[in-house]
Every structure is written in C-alpha cells, then in structure tokens.
1. Got the relative contact order for the chain handy, in percent, Cα pairs under 8 Å and 6 or more residues apart?
2. Quick check: convex hull over the Cα atoms of the chain, volume per residue in Å³, rounded to an integer?
3. So who's got an amide H within less than 5 Å of the one on Cys140, skipping anything under 5 residues away but keeping other chains? H placed 1.01 Å off N, in plane.
4. With a probe of 1.4 Å, find how much accessible area the chain has per residue, and write the answer as a whole number in Å².
5. How do Phe144, Phe184 rank by accessible surface area computed with a 1.4 Å probe, from largest to smallest?
6. Got a sec? Charge dipole of the stretch 79-185, +1 on Cβ for Lys and Arg, -1 for Asp and Glu; which of Ser185, Leu156, Gly146 is way out at the positive end?
7. Starting at the first residue of the stretch 54-68, write each ³J(HN,Hα) from the Karplus equation 6.51 cos²θ - 1.76 cosθ + 1.60 with θ = phi - 60°, in whole Hz, x for Gly and Pro.
8. Between rounded, prolate and oblate, where does the stretch 99-188 land on the alpha carbon gyration tensor, with a ≥ b ≥ c its root eigenvalues, rounded for a/c under 1.5, else prolate if a/b exceeds b/c?
Amino acid sequence: MTDDATPIRRGWWRSNLLSLGVLAVLLPATVLGIGWWKWDHAFPGSGQPVWAVEPGKSGTVELQGATWGPVRSKEVADTSGLDMPPNAKLILVGVPVDPTGDKGPGCWSPKLVQKSTGRVWLSARTELGLLWNDDEPEDCVPTFEGEKAERYELVLPYVVPDDVEGPFWVDLEPLSAKSKYVRFSIDP
C-alpha cells in the first residue's frame, strides 16, 4: 500500500529544467556576441584602420573618392618666427588631394609615424603659432551641398625631437574607407 501523504521528491535536474534551458541558450549567445563584436571591430566594415594602402609607381593612391599624392617632405632648417620647442626639428609634409567625384573625402587628422618605433606625431600648425590658411589646410577639406570638390594640398608641419631619425610613414585615414588607410613612406 502506498502512503499518499508522502511527498514525491523531484530530482535536481527536473526542478532546475527551466533555468538550465535558459542557460543553454544564453551561454552560446553570449560567446557568439562577444566573438562577433571582436571580429567586427578588427576586420572590414568596422571603421578601424587595419590595412594600409601604399602608393604604386605613380606615387599616388586611389581611395575613398580621391587620388592622394604624390607626397613631398623636407626637414625645415629655418624655423625663426615659429614657436619651436628646444631640441626639436620641423618636418614639413605636403600631400595633394584630388577628389575624383563631386564630393571631397573627409579624413581624420593625418599622422607622422616613425617606422622603427611606431611613435606617432600629429600636425602642429597652431602649436607653432601658424594660423589656419584655406590655401594650406592640414585636414581634409569638406564639401557642402551645391559645391564641387576641387584639388588641394594638405600642408602638415610635424615637430619631432632632434634625436628622432627617419624613415617615417604619413598615415591618412579617410572616413568610411572600410578599414583601409593611405600610407606614404617618407625620409626627409
């Protein structure tokens, strides 16, 4: 005879079935979500500069609706009249930009990178005491609705320590370039 007053004990697996089911769905979803996020931010479509596009024999690069280059560079010996820090030298870089369409490309601030160490410098126009000049921009020139994009040259003054030696790269990151950026090699 069975005693109906004795409660039936359910096993641990059975009593936690709902929680285990949720865990079985959320754990792989979390791992896949984190993996996708890492992948998306390291490869095309992420907006992060990953792959350098270097110039060919012509010295130019075609990227994001413009022809970039050929680049010119030199170390400026006469820095009188500029707010130069002591024990520093001035490297001047010129990068022609020729928009291929009606709209000019946008870009982040161009960088000077020392090849041997990876040290990075940004353009120092205002720090040198130079005012903005429409004829010598240091950033990409945006075009507004109704305007036609025209050819211009980026003029980029970089202040680096005296003991820094080339060669260098000049890196330009056009906006929305699918993880690509323009890289010119210079040795002023």
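The values are calculated or read from the model by the stated rules, or taken from the named source; none is laboratory data. Keep in mind that this is a model prediction, so the values were computed, not measured. With ideal geometry, Cβ positions are generated from the backbone for all residues, glycine too; neighbour counts draw on all protein chains shown. With ligands, DNA and RNA removed, areas are computed over all heavy atoms of the protein, side chains included. Shrake-Rupley method; radii C 1.70, N 1.55, O 1.52, S 1.80 Å.
1. Values: 337 pairs, mean separation 49.9, N = 188.
That works out to 27 percent.
2. Normalising the Cα hull of the chain by residue number yields 253 Å³.
3. Cys107
4. Averaged over the residues of the chain, the accessible area is 67 Å².
5. Sorted by accessible area, descending: Phe144, Phe184.
6. The residue sitting farthest along the positive end of the dipole is Ser185.
7. Per residue, the Karplus-derived 3J(HN,Hα) values read 9, x, x, 4, 6, x, 10, 10, 9, 7, 6, x, 7, 9, 9 Hz.
8. Oblate is the answer for the stretch 99-188, as a/c is 1.5 or above yet b/c matches or exceeds a/b.
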